[in-house]
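> Structure incoming, see below.
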Amino acid sequence: RRIFSTDFKREAIHLTQRPDMTVTQAARDLGIGLSTLQRWLREAKGQGDAAFPGLGRQNLTPEQEEIRRLRKEVEILREEREILKKATAFFAKQSR
């Protein structure tokens, strides 16, 4: 999978805003898929300057960050609970 820099994405979007350029033509000229360029356009329109943070990092609101942290914590707790269940069953079998 190819990775494109933030600058490349912003330039591609800027290219599509020229009056003599269509989105299809810009995608072909840049050597990228039409759906890729359309997705970049949607992201830029929806997120504005926050689009394309780079290196897979997302600009999350504090609430979204808290939800992400809590989901991770819940997953860890579930794994720990499963380990404890297995250990309890093991020790119960040993004590008989």
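> Kindly indicate the residue of the range 1-10 that is in a helix (DSSP H, G or I) and in contact (Cβ under 8 Å) with a residue 40 or more places away in the chain and also surrounded by the fewest Cβ atoms within 10 Å (Cβ to Cβ) among those meeting that condition.
In this case the residue turns out to be THR6.
> Right, next: Taking the range 48-96 only, how many residues are closer than 30 Å to ALA27 by Cα and open to solvent by less than 100 Å² (accessible area, probe 1.4 Å)?
Residues that pass the stated criteria total 8.
> Out of the residues in the range 11-23 meeting the condition of being open to solvent by 40 Å² or more (accessible area, probe 1.4 Å) and within 25 Å of the chain's Cα centre (by Cα), tell me which one is farthest from PHE52 (Cα to Cα).
For the range 11-23, the residue satisfying everything is VAL23.
The values are calculated or read from the model by the stated rules, or taken from the named source; none is laboratory data. Treat the numbers as computed from the prediction; the structure is a model and nothing was measured. All Cβ positions, even for glycine, are placed from backbone atoms using ideal geometry, and neighbour counts span all protein chains on display. Protein only, heavy atoms only, side chains kept; ligands, DNA and RNA dropped before computing areas. Shrake-Rupley method; radii C 1.70, N 1.55, O 1.52, S 1.80 Å.
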